[in-house]
1. Only one of GLY84, GLY26, GLY56, GLY48 is in contact with a helix residue (DSSP H, G or I) (Cβ under 9 Å, 6 or more places away or on another chain) and assigned to a loop (DSSP other than H, G, I, E, B). Can you tell me which?
2. With the condition kept exactly as written, say whether any residue in the range 211-223 is in contact with a helix residue (DSSP H, G or I) (Cβ under 8 Å, 6 or more places away or on another chain), at pLDDT 95 or above, on the phi < 0 side of the Ramachandran plot and not in a helix (DSSP H, G or I).
3. Consider THR202 carefully, then state whether it is part of a loop (DSSP other than H, G, I, E, B) and over 19 Å from ILE420 (Cβ atoms).
4. Could you check the range 283-302 and list, in sequence order, the residues that are small (Gly, Ala, Ser) and either touching a residue at least 60 places away in the same chain (Cβ under 8 Å) or not assigned by TED's automatic domain parsing to the domain that holds TYR336 (or both)?
5. Scan the range 81-91 and tell me whether some residue there is free of Cβ contacts under 8 Å to residues at least 60 places away in the same chain and surrounded by fewer than 24 Cβ atoms within 10 Å (Cβ to Cβ).
6. Would you mind telling me which numbered condition in (1) surrounded by fewer than 24 Cβ atoms within 10 Å (Cβ to Cβ); (2) assigned by TED's automatic domain parsing to the domain that holds ILE343; (3) closer than 26 Å to TYR336 by Cβ MET232 fails?
7. So if I check each of GLY125, GLY97, which one is of a type in the set (Gly, Ala, Ser), surrounded by fewer than 24 Cβ atoms within 10 Å (Cβ to Cβ) and either in contact (Cβ under 8 Å) with a residue 24 or more places away in the chain or under 19 Å from GLY158 (Cβ atoms) (or both)?
Amino acid sequence: MFYHGYKSYLKYSFPKDELKPISCTGSNTFGDYALTFIDSLDTLVVMGDMKEFERGINWVIENINFNNDITVSVFETNIRVLGGLLSSHLIAEEHLGKEKYSGKLLDLAIDLGDRLLRAFQTPTGIPYGTVNLKHGVPMGETPITSTASSTTFSLEFGILSILSNDPKYEEAARRAVRSIWLYRSDIELLGNHINIFTGEWTIRESGIGTGIDSFYEYLYKAAIFFDDEEYMDLFFKNYQLINKYIKKDPWYVDVSIDRGAIVWPIYNSLQSFWPGVQSMYGDYESAFSTIKSFHIVWRRYGFIPEGYNLLSGNVQLNQKGYPLRPELAESLYHMYQTTKDPIFVRMGKDLVWTLNNLTTTKCGHANVLDVETHQLDDRMESFFLSETCKYLFLLFNTEDNFNNNFNNSNPNPIDMESIIFNTEGHIFPMQYRFFKKSNNLLKNNNQDENLKKIDSTKIQNNVNNNNNNNENSQNNKKNKNNGENSKEDIIENNIENSQNKNNNNNQNNKNIDNNNKNIDNDDNNILDNSDNVLDGDNNNISNNINNKNKSKNKSKNKNKTNKLDGLEDSEIQLLPGSKKYNWTCNQLPFLRRISSGTFQFIGGPHDTEWFEDKKIKEAMHDLSS
């Protein structure tokens with residue numbers, strides 16, 4: 001699937017930005033800098049094609065020049081091009097060596113970063129949405145931008161600051177995040193679009209989908225990658241707010257930032273990234289419930305439409321397309337990596353079947369114009385190769401044979417358990433030098449006294465407590481106004497009724513995928529097993545989630561002996577530097593053992609396989625059971 005798209009792009013479109021897979025031509029859609037080619041380079045590495053990767057980076061070094069009079073999206077250029085250059089540089093530096101790689105990709109990245117940085121020269125520090133690569137911000141450029149577009153720079157700009165030894169990139173990215181947070185509403189929700197001069201929200205709606213999605217994603221990923229407490233505190237705070245106002249289990253909706261009332265009961269396809277973030281964070285139960293519902297929508301239509309109306313249970317008008325998006329595949333990959341439950345691999349098989357059978361053309365893979373009729377559109381987005389194919393390949397690589405894709409003579413294969421993906425799927429290895437340098441370079445910035453400080457004392461670190469508080473809040477709301485329902489209550493009830501209707505349809509197996517009756521004929525047994533889980537057969541739900549439920553039974557665990565005695569009050573030295581972590585019984589981090597008594601902080605919940613010391617293994621087993 002990847003190589004059909006990649007080779008078709010090279011044959012019919014290269015060096016233009018994107019492939020038109022029906023007309024077998026190409027088009028420049030973003031900046032006339034071979035976007036799909038740059039976006040695909042680290043996917044070649046994942047596929048084990050180091051020869052083509054080496055050829056590709058050499059072409060980029062020799063041919064790409066960003067000093068062009070062209071206006072580009074700051075957000076898209078950052079995540080796709082700058083992210084692709086940085087990822088390819090890091091991989092080439094580690095796996096090709098100085099003999100085969102000159103380091104010139106970093107020079108290109110610095111040049112591009114400087115050009116993008118001009119967009120951040122605003123009174124608030126919130127960047128413009130577009131910039132001219134040669135002349136800067138265009139005359140008359142709108143001051144309105146989305147939350148996601150203005151805050152999704154922390155990873156790329158942070159890494160660029162480390163590699164260039166210049167903090168200006170990271171400082172710009174951090175100031176944008178702080179400024180956006182400054183303008184939160186009275187109930188601490190962020191809107192969707194904002195005026196970068198005044199800080200006024202022009203779309204006063206909050207959610208986890210279009211216009212705001214990667215804001216949350218980068219808070220968590222930057223916190224993990226750079227060991228950054230400010231970003232982690234901010235993520236915890238926003239996770240609470242999402243559970244309190246936006247989550248209508250198992251769905252998520254858009255709400256008013258002033259009252260938290262539902263204004264847009266739509267499942268937006270970009271929301272599909274969220275279960276992946278939840279699984280990395282450790283909230284498996286909520287993630288499983290949500291991704292199960294998302295997958296039901298996929299099976300019904302063969303794809304996920306851009307918008308699915310939760311009230312009517314149908315595709316939202318004018319949101320019927322599916323542009324080969326990766327978010328569901330991304331979440332399935334992360335869910336499998338954190339739980340090792342094969343149900344997520346089986347769900348992924350649905351995606352592979354429909355992508356192979358319903359989007360393939362002579363010259364590549366085409367966007368879906370209408371998920372109900374399966375009419376195709378003459379476009380293949382670059383993220384189909386950089387993300388969708390990459391995550392699906394890794395999902396089915398269940399034996400962890402990624403490193404075997406490299407030649408045995410290669411001394412430094414990529415450890416897929418020690419990387420962070422940017423929001424375009426580009427690979428950023430979490431190497432110790434990043435942690436070490438980030439302490440010195442990134443964490444000593446002066447705080448802007450005019451910005452509100454995060455009240456971290458109000459942030460609860462325990463995911464289960466967050467869920468319990470959210471449930472209590474929802475129950476209290478439902479007990480209000482007996483006999484007199486508010487507009488929000490009516491919408492919530494309609495959503496619940498719609499979901500019950502969809503579940504009944506799924507249980508009866510009568511209406512799933514009416515437009516594609518043959519969607520799962522290739523492997524009925526696998527899909528039958530998947531149905532058992534999706535229809536609520538708790539006996540088939542993963543042991544990981546069952547064990548997590550059991551651990552919540554307070555009465556059962558009330559008198560349980562805690563085997564962390566002796567470790568609980570001690571401190572274990574962690575990388576980087578002198579940072580230490582106090583053991584507690586309530587929440588343990590992801591750690592990786594480096595040497596005796598020394599562990600590297602990764603983030604999230606625990607994994608017993610990472611511990612070798614007998615006492616710690618016993619304690620972790622005791623807690624997990």
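1. GLY48
2. yes
3. no
4. From the range 283-302, those small (Gly, Ala, Ser) are 286-287, 289, 293, 302; that's our starting set.
SER286, SER293, GLY302, listed by residue number.
5. Among the residues of the range 81-91, not one is free of Cβ contacts under 8 Å to residues at least 60 places away in the same chain and surrounded by fewer than 24 Cβ atoms within 10 Å (Cβ to Cβ), which makes the answer no.
6. (2)
7. After ruling out the rest, the residue left standing is GLY125.
So that you can scan it fast, the table gives a plain yes or no per residue for (1) touching a strand residue (DSSP E or B) at 6+ places or on another chain (Cβ under 8 Å); (2) under 21 Å from PHE66 (Cα atoms); (3) in a helix (DSSP H, G or I):
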position	(1), (2), (3)
LEU116	yes, yes, yes
THR124	no, no, no
VAL131	yes, yes, no
THR142	no, no, no
LEU160	no, yes, yes
SER179	no, no, yes
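The values are calculated or read from the model by the stated rules, or taken from the named source; none is laboratory data. Please read all numbers here as calculations on a predicted model, not as lab measurements. Cβ atoms come from the backbone with ideal geometry, glycine included; neighbour counts cover every protein chain shown.
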